[in-house]
Every structure is written in C-alpha cells, then in structure tokens.
Amino acid sequence: MTRPVVNASVAVSWVIVDESDPRAESARAEVERDDGIVPQHWHLEVRNSLVVAERRRRITRNAADLSLDFLKSLSIITDSEHDLDAALALARSHELSFYDAMYVELALRRGKSLATLDGSLRRASIAEGVSLVE
C-alpha cells in the first residue's frame, strides 16, 4: 500500500533527533518512494510541535526552520476532501481527539496505511482495519 497517511508524530520524529523511531524511518522511506498524504491540520500540528520544542529548548529556532525546510522538500500531499461527520464518529467511538480521528478518516477514505507513533491512534486504526506502517 503506497502513499501512507502521515501523522504529525511521525514527521516530528524525522526532525527532532531524540524522537527518532524505526517506524517513523519506515514511513519516511515510503514517503520518499511514493509521496505521503496528510489532512490539512497536519501543517499546524507540525509547526506547533516545533514551536513547543523551541520553547522547551529541545531545538533552536534555526533547527526548527531547517526542519520545516526539510519537511517542505518532501512530497507530501494535503487532502482537502475530508468527511467531518465520519471523523466525528471515529473520535467518539475510539475516544480520540477530533484531530487524530481525521487521520483515521483519511486513511479509511483513501484506502491507505497510517504512519503514527501515537498509541491511541494506532489502536483505533487497527480496530477500523487500517494497516499501519511498521
């Protein structure tokens, strides 16, 4: 299954060294081979994570800017055809944030695998029959 849905947790692990994870590296290889796809709010989540990392002095502003440049260099497609009602139902049934449910909704609608490091999101995806990038 190509073109995985990429959760922000994975993208952040690509650019913040102490969050590196083998599952994220597998996802990165898939994205470099055949693009990735994200919901619109992914761009906000990633930037928020970098700002928080700056504030906590885990990375410098320069490192955050370079990280954004790297992420922009990847072939990441932004999906804008979301089903908000389906995402709401997923959030309710799996006790996810609405934002996280949007990743599951996207993977289900597009028939794609999901790359995430978030445990709740992984469990919900498995329950919904969404394959995970390992």
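Looking at L90, L106, just one residue is modelled with pLDDT of 95 or more and more than 14 Å from V6 (Cα to Cα), and that residue is L90.
So, in region 85-131, how many residues would count as being under 22 Å from S26 (Cβ atoms) and without any contact (Cβ under 8 Å) to a residue 24 or more places away in the chain? So the answer is 6. Taking region 3-91 as the region of interest, the helices (runs of 4 or more DSSP H) fully inside it that hold 1 or more residues being touching a helix residue (DSSP H, G or I) at 6+ places or on another chain (Cβ under 9 Å) and under 18 Å from E105 (Cα atoms) are 8-15, 42-55.
Residue by residue, here is whether (1) closer than 19 Å to G129 by Cα; (2) surrounded by 17 or more Cβ atoms within 10 Å (Cβ to Cβ); (3) touching a strand residue (DSSP E or B) at 6+ places or on another chain (Cβ under 9 Å); (4) of a type outside the set (A, V, I, L, M, F, W, C) holds:
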site: S49; (1), (2), (3), (4): no, yes, no, yes
site: V52; (1), (2), (3), (4): no, no, no, no
site: R55; (1), (2), (3), (4): no, no, no, yes
site: K72; (1), (2), (3), (4): no, no, no, yes
site: I77; (1), (2), (3), (4): no, no, yes, no
site: D83; (1), (2), (3), (4): yes, no, no, yes
site: A89; (1), (2), (3), (4): yes, no, no, no
site: R92; (1), (2), (3), (4): yes, no, no, yes
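Scanning region 92-117 for residues that are over 16 Å from G36 (Cβ atoms), of a type in the set (S, T, Y) and part of a loop (DSSP other than H, G, I, E, B) yields a total of 1.
The values are calculated or read from the model by the stated rules, or taken from the named source; none is laboratory data. Owing to the predicted nature of the structure, the values given are computational and were not obtained by experimental measurement. We place every Cβ from the backbone using ideal geometry, glycine too, and count neighbours over all the protein chains shown.
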